[in-house]
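What follows is a short report on a single structure.
The values are calculated or read from the model by the stated rules, or taken from the named source; none is laboratory data. None of these values were measured; they are calculated from a predicted model. Glycine also receives a Cβ, built like all others from the backbone with ideal geometry; neighbour counts cover every protein chain displayed. Side chains included, ligands, DNA and RNA excluded: accessible areas come from the protein's heavy atoms. Shrake-Rupley method; radii C 1.70, N 1.55, O 1.52, S 1.80 Å.
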Amino acid sequence: MTGSQIRQQFLDYFASKGHRIVRSSSLVPANDPTLLFTNAGMNQFKDVFLGREKRDYSRATTSQKCVRAGGKHNDLENVGYTRRHHTFFEMLGNFSFGDYFKTDAIDFAWELITKVYGLPKERLYVTVFREDDDAENLWQKVTGISKSRIFRLDEKDNFWQMGETGPCGPCSEIHYDLGVEAAEKGRESEAFPLDGGGRFVEIWNLVFMQFDRDTAGVLTPLPRPSIDTGMGLERVAAVMQGKLSNYETDLIRPVVEKAGEICGVKYEGPEMEFANVALRINADHARSTAFLIADGVVPSNEGRGYVLRKIMRRAMRHARRLGVTDPYLYKLTGFVAELMKDAYPDLLETEARVARVVKDEEHRYATTFLVAEKMFHDEAKTAVGGVLPGAAAFKLYDTYGLPLDEQEEMAREFGLAIDVESFNQEMEKQRSRARASWKGADKAHIPEVYLSLPSTEFVGREGLEAPVQVLRVIEREGVTELVLDRTPFYAESGGQVGDTGVLVDPETGDRVAVVEDTYKPAPGAVVHRVKLAGEVKEGAKLVGRVERVGREATMRNHTATHLLHAALRTVLGKHVKQAGSIVSPDRLRFDFTHYTAVDAEELAEIERLANQQILANVAVHTDVMDLDNALQTGAMALFGEKYGEKVRVVEVGGFSKELCGGTHVVRTGDIGICKVVSEGSISAGVRRIEAITGEGALERFQKTAGALARISDTLHTGADDLVDHVARLVDQQKSLEKQVEQMKMKIAQAQAGRVETEAREVKGAKVLAARLDGMDRAQLRALVDSLRNKWKSAVVVLASADESGIAIVAAVTKDLTAKVHAGKLAGAVAQAVGGKGGGRPDMAEAGGKDVATLGAALEGVYPKVEGML
């Protein structure tokens, strides 16, 4: 059975048991700063388990793409050396949200693996938590498995918790006996579960989420226990295909062989074992790279991008050990896209962009590697006691990607050793920093007051005014917030800012509160931050009125954002995807994936296409449908967004179709006009475009037209001739500036002739310290250089003063730099006039402020130089 068939059979089986098949979420977790990458099937259901989010189903099943590299779960350094460690893998899972519990979970798992997958029962073992009598009894009762094949283990292996507090519970693992040939050498006789996972491989983990742990560590039974299971697709594929290693399955082996073909090395050939390791590393890392970039991550020096860069460069390092120096990894990621296109068709859509990002990073690494080699040689030359410091070795590893084993090989060439203990200490510090940076405690912490708020119905699409009732009044940190039963105010989400407005008494019409912001502090909660004009109590019935001008401007900008997104994809290519946005009343800001600058012609065409849709006054249609149906119609889902099962699809003719929960105009003509005001890069592979619409665009046009009219009047020329006229003026300006420079040089040369006579002979060298006002630094440098070259053995210090300060330039001929240092000399003069400066031994610059002391400072140069000589 192929890996794809195993995946599909799993999903089909649980669908037949009443589970909703839910598509894999992005590798970039939505609204969860505690996670670096999605690393388990339950991640996308976290808020459901916590009771913060409701779904219209209570059973789900998924095949979730996962990455474990960086943060708490980090398998990176083990990948390639073991049979089962990966950075990228797929996790099959079934979930119950307060529906079925242990009995059904065990029954489903046993039926699937023994009857559907056909795994022999005599090769299966089960573990349970040491105190979970219930699970042990159910395994025997439901499956008929012998008690002798059930083992009780401690918390480390068989108790799961989401965090320090919250949902948790015992878990039960199913293990498969691969046979004695799979045992580690010397451990063939060890029985389960003592063999360390060589012969007996865990294939499925069933988590029984039945307790709530409080801050004191007390476990309270949950009113509706839940189920969360995870089975590694690569592991179960290895078992079912009779392979000892995941890398031998049809999911990964083709990538390994392709890596060997590209690198010119045969896998499992006569080469050294390190070649096989290098190919496995490249196969795994190419999978991670392809999926991460497709999900919007790009190589960078921080956060997720930094981990991606480490993954890519680890692959490149090992390929370099095989003799590969030209870009190659981009070919391997393309092969991954082709191999996995059936399960992940979006990989083919982003294949070209992924290749571009990867190839650029390969070129960058090639340059960095040369720098790393030079730095290693420099460090080796200064090594004390024949040992390269661990801190230096770690810097070469962490910053420049030079692995420790390569450093050790290079060190042997110099007859050196590396302080490995110190290196490991630095490595642990880095891991601690990485873990700390992704705990996300500050961002992830939701104050208790927001966790149990009643839900609020949004009615602000139908109108901007609605009767409301106050359900909660929250006083927190000097701020008053209200929770309403229904609201016309849009709460900030999806890039669109929250509405503002007022709450009024329905009987008197008096203003009760000003709504300053509307936002969602926790999933399902909508809070209105207000400034009270009087007393508001829970239960009060009011009328909410949204500030119309701001909301309508925001709607224009939001629909214009969709038009620009579609126009960008039309002009630049289908690889363009949203990477972030802000939609407010005064502007729109849209971040998108693209790896080169957008030229003026492309930008003009993007703007033209968007405004073409506006002029056509196309109707904006919104439909509510199932997520899967929406995606099948071609609607675009956006990076980092979390969608429920029911989604809103916003469509503008046949031009744009996106999943979006924001507010929009009725027809595109309501936008008026869309004017792009800027476009540029914000990070590697991500660019930002900003635009304005409606009245904002009109105001900009009016200001620009007014400015052009004033310039035309000033220059006494028509608007049509203005560009040519300004170009002529610029040319004239450059010509005049050149003439001025020439005149200054003539003056400088004349002054040079004058000051030459002021030079003094000091111990056989010419020494000159003079003040030449009216000369800038460039002229002083030219004059100092001229005198130094003319005199052959000399020390020259020139200064110029004006209202902005004092410029000082010092120069020393090379025969004297061992005794007279130009940088120190310039610094001494600068210090005397209230300034500072310095530079090279032969040329230096400085500055100062106290013009009154300049004469004495320059006169002091002569005795100072005499003392040095």
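For region 137-270, count all C-alpha to C-alpha pairs, find those more than 21 Å apart, and express that count as a whole percent of the total.
58 percent
Kirkwood Rh and Cα-based Rg: tell me the resulting Rg over Rh for region 509-652, rounded to two decimals. Intermediate values should be presented prior to the final figure.
Details: Rg = 19.2 Å, Rh = 18.3 Å.
Using only Cα positions, Rg/Rh for region 509-652 is 1.05.
Per 0.36 nm of contour for each residue apart, how much would the distance between Ala391 and Glu507 grow if the chain were fully extended, relative to their Cα-Cα spacing? The partial results should precede the final answer.
On the way: separation 116, 0.36 × 116 = 41.76 nm, distance 7.32 nm.
Length difference between fully extended and current span is 34.4 nm.
Name the residue from Ala337, Leu124, Ala183 whose Cα lies farthest towards the positive end of the charge dipole of the chain, charges +1 on Cβ of Lys and Arg and -1 on Cβ of Asp and Glu.
My answer, from the dipole projection, is Ala337.
Which percent of Cα pairs goes in each bin when the distances of region 591-639 are cut into 10 angstrom slices starting at zero?
18, 30, 39, 13, 0
Sorted by accessible area (1.4 Å probe), largest first, how do Glu492, Glu234 line up?
Glu492, Glu234
Can you give the convex hull volume per residue for the Cα atoms of region 571-718, as a whole number of Å³?
Looking at region 571-718, the number lands at 136 Å³ per residue.
Hey, if you put +1 on the Cβ of every Lys and Arg and -1 on every Asp and Glu Cβ in the chain, which of Gly847, Trp160, Ser96 ends up farthest toward the positive end of that dipole?
Selected residue: Gly847.
Restricting to the chain, what percent of DSSP beta bridges are antiparallel, rounded to 5?
Within the chain, antiparallel bridges account for around 85 percent of the total.
Could you give the alpha-carbon Rg of region 624-676 over 2.2 N^0.38 Å, rounded to two decimals?
Values: Rg = 12.4 Å, N = 53, 2.2 N^0.38 = 9.9 Å.
That ratio works out to 1.24.
Across region 1-154, how large is the tail of the calculated P(r) beyond 24 Å, expressed as a percent of all Cα pairs?
The answer is 46 percent, as a whole percent.
Send over the semi-axes of region 212-362's equivalent ellipsoid, whole angstrom and largest first, taken as the square roots of 5 times the C-alpha gyration tensor eigenvalues.
Values: eigenvalues 218, 88, 53 Å².
The equivalent ellipsoid of region 212-362 has semi-axes of 33, 21, 16 Å.
Looking at the square roots a ≥ b ≥ c of the eigenvalues of the Cα gyration tensor of region 434-587, which shape do they give, rounded for a/c under 1.5, prolate if a/b is larger than b/c, or oblate?
Oblate.
Between Ala727 and Val666, what is the spin-label point distance in nm, taking each point 7 Å from the Cα along the Cα→C-beta axis?
Going from the Ala727 label point to the Val666 one covers 4.8 nm.
Is region 335-439 best put as rounded, prolate or oblate by its Cα gyration tensor, with a ≥ b ≥ c the root eigenvalues, rounded for a/c under 1.5, and otherwise prolate when a/b is larger than b/c, oblate when not?
Prolate.
Rounded to the nearest 0.05, what FRET efficiency is calculated for Arg608 and Thr633 with R0 set to 35 Å and r the Cβ-Cβ distance?
The calculated FRET efficiency here is 0.80.
What is the ratio of the Cα radius of gyration of the chain to 2.2 N^0.38 Å, with N the residue count, to two decimals?
Here the Cα radius of gyration is 1.22 times the empirical estimate.
At 222 nm, what value in deg cm²/dmol follows for the chain if DSSP H runs of at least 4 each add -39500 (n - 2.57) and the sum is divided by all its residues, to the nearest 500?
Roughly -12000 deg cm²/dmol at 222 nm, from the helical runs in the chain.
If the chain between Arg476 and Glu462 were fully stretched, how many nm would it gain, using 0.36 nm times the residue separation less the Cα-Cα distance?
Between Arg476 and Glu462, full extension yields 1.9 nm more.
Rounded to the nearest percent, how much of the accessible area of region 492-647 (1.4 Å probe, protein heavy atoms only) is carbon and sulfur?
Details: 3300 of 6960 Å².
After summing per-atom areas, the C and S share lands at 47 percent.
Find the centroid of the Cα atoms in region 186-216 and in region 120-157, then give the distance between the two in whole Å.
11 Å
Rounded to the nearest 20 debye, what is the charge dipole size of region 121-169 about its Cα centre when +1 sits on each Lys and Arg Cβ and -1 on each Asp and Glu Cβ?
Dipole of region 121-169, to the nearest 20 debye: 400 debye.
With the calculation restricted to Cα positions, what are the radius of gyration and Dmax of region 650-730 in angstrom?
Calculated on Cα positions, Rg and Dmax stand at 18.8, 53 Å.
At a 1.4 Å probe radius, which order do Arg321, Arg353, Arg84 fall into by accessible area, largest first? Walk me through the numbers before you get to the answer.
Values: Arg321 70, Arg353 15, Arg84 40 Å².
Ranking Arg321, Arg353, Arg84 by accessible area, largest first, yields Arg321, Arg84, Arg353.
How high is the FRET efficiency from Asp626 to Tyr862, r the C-beta distance, R0 60 Å, rounded to 0.05?
The computed FRET efficiency comes out at 0.10.
Any chance you could run the full-extension gain for Arg130 through Thr367? It's 0.36 nm times the residue separation minus the Cα-Cα distance, nm to one decimal.
79.8 nm
Using a probe radius of 1.4 Å on heavy atoms only, what accessible surface per residue do you get for region 23-160? Whole Å² is fine. Before the final figure, lay out the partial values.
Values: 5550 Å² over 138 residues.
Solvent-accessible surface per residue comes out at 40 Å².
Over the heavy atoms of Val730, what accessible area does a 1.4 Å probe trace out, to the nearest 10 Å²?
Looks like 70 Å² after rounding.
Could you state how much accessible area His562 has, in square angstrom rounded to the nearest 10, with a 1.4 Å probe and all protein chains kept in place?
Here the residue's solvent-accessible area equals roughly 10 Å².
So, taking all protein chains as they sit and a 1.4 Å probe, how much accessible area belongs to Leu396, in Å² rounded to tens?
Number for this one is 0 Å².
Running Debye on region 724-855 with equal point scatterers at the Cα sites and no solvent, what base-10 log of I(q)/I(0) appears at q = 0.09, 0.16, 0.22 Å⁻¹?
-0.29, -0.78, -1.27
Express the relative contact order of the chain as a whole percentage, based on alpha carbon pairs under 8 Å and six or more residues apart in sequence.
Working: 1604 pairs, mean separation 60.4, N = 869.
Relative contact order comes out at 7 percent.
Would you give the gap between the C-alpha center of region 609-680 and the C-alpha center of region 263-321, rounded to a whole Å?
So the separation of the two Cα centres works out to 38 Å.
Where does the charge balance sit around Arg771 when Lys and Arg score +1, Asp and Glu -1, over other residues with C-beta under 11 Å from its C-beta?
Cβ neighbours under 11 Å give a net charge of -3.
For region 778-826, compute the orientation-averaged projected area of the C-alpha convex hull (one quarter of its surface), in nm².
Across all orientations, region 778-826 yields a mean hull projection of 3.4 nm².
Checking the a/c ratio against 1.5 first, then a/b against b/c, what shape does the Cα gyration tensor give for region 641-777?
Here region 641-777 falls in the oblate category.
Alpha carbon centre of region 18-67 versus region 370-402: separation in Å?
Here the answer is 43 Å between Cα centres.
Using a Förster radius of 56 Å, what is the FRET efficiency between Ser189 and Arg840 based on their Cβ-Cβ separation? Nearest 0.05, please.
0.20
Taking N as the number of residues in region 1-62, what is its Cα Rg relative to 2.2 N^0.38 Å?
This ratio for region 1-62 stands at 1.25.
Taking each pair of distinct Cα atoms in region 712-754 once, what is the resulting Kirkwood hydrodynamic radius in Å?
Here the Kirkwood hydrodynamic radius works out to 12.5 Å.
So which trypsin sites (Lys or Arg not before Pro) in region 751-826 end up in coil per DSSP with only 12 or fewer other C-beta atoms within 10 Å?
Answer by residue number: Lys763, Lys792, Lys814.
Rank these by accessible area, largest first, 1.4 Å probe: Lys744, Lys266.
Ranked list, largest accessible area first: Lys266, Lys744.
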